[in-house]
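Peer 1: Here you go, one structure.
Derivation of every value follows stated rules applied to the coordinates shown; laboratory data play no part. Small disclaimer: the values here were computed from a predicted structure and weren't measured. Glycine also receives a Cβ, built like all others from the backbone with ideal geometry; neighbour counts cover every protein chain displayed.
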Amino acid sequence: MEFHKPRRPSPDPRWRMVDATMRKHGHRPDALIETLHTVQETFGCLDKEALRYVAGSLRVPLSRVYGVATFYHFFSLTPKGEHTCIVCMGTACYIKGAPKILDVVRDTFKIQAGETTPDGKLSLIAARCIGACGGAPAVVFDHAMVSNVTPEDAVNRVKGWMTDAD
């Protein structure tokens, strides 16, 4: 039986980068995570069309692709904001006050964990664990991990982003 590669979701030339990643790995199913990383880096998120395309191209069930995409906090099914605030909710961080950090950022900026502000400036994310237990509670602000964060620290950092962008 001959395999027919699915049609790209759009004529966008960035799909060539995704195709190159899959080609580099021989369109093997074990290239799933690396391919999803390429899609995420290239397009900013993993939308439904991208998930279908990757599933068809790697011959992996869509349910498995979706499962991987939703399991890892790095992946996002919706576009992320200009800035990201990732609050670690691992055991050490949780015990040392991470829920308070999440609550105060949520209440101050009127978004739930997993959402982006309507102006697209901030995405708030709750992560299972970021592996920084010694510095609990830990928060990742725009790819920079910060230890021993207080709720006030978090709000002040995010407020700085919001006023800098105005």
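Peer 1: Could you please find all residues in region 55-73 being under 26 Å from ALA126 (Cα atoms), aliphatic (A, V, I, L, M) and in contact (Cβ under 8 Å) with a residue 24 or more places away in the chain? First the steps, then the outcome.
Peer 2: So the first thing to find is which residues in region 55-73 are under 26 Å from ALA126 (Cα atoms), and the list is 62-73.
Okay, now just the ones that are also aliphatic (A, V, I, L, M), so 62, 65, 68-69.
Answer for region 55-73, where residues must be under 26 Å from ALA126 (Cα atoms), aliphatic (A, V, I, L, M) and in contact (Cβ under 8 Å) with a residue 24 or more places away in the chain: VAL65, VAL68, ALA69.
Condition check ((1) farther than 14 Å from ARG16 by Cα; (2) part of a helix (DSSP H, G or I)) across all residues:
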site	(1), (2)
GLU34	yes, yes
VAL39	no, yes
CYS45	yes, no
LEU51	yes, yes
ALA55	yes, yes
SER63	yes, yes
TYR66	yes, yes
ALA69	yes, yes
HIS73	yes, no
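Peer 1: State which residue is nearest to PRO99 (Cα to Cα) when the search covers only region 111-166 and only residues that are without any contact (Cβ under 8 Å) to a residue 24 or more places away in the chain and hydroxyl-bearing (Ser, Thr, Tyr).
Peer 2: My answer is SER147.
Peer 1: Okay, moving on. Quick check: anything in region 93-111 under 15 Å from the mean Cα position of the chain (by Cα) and crowded, with 18+ Cβ neighbours inside 10 Å?
Peer 2: no
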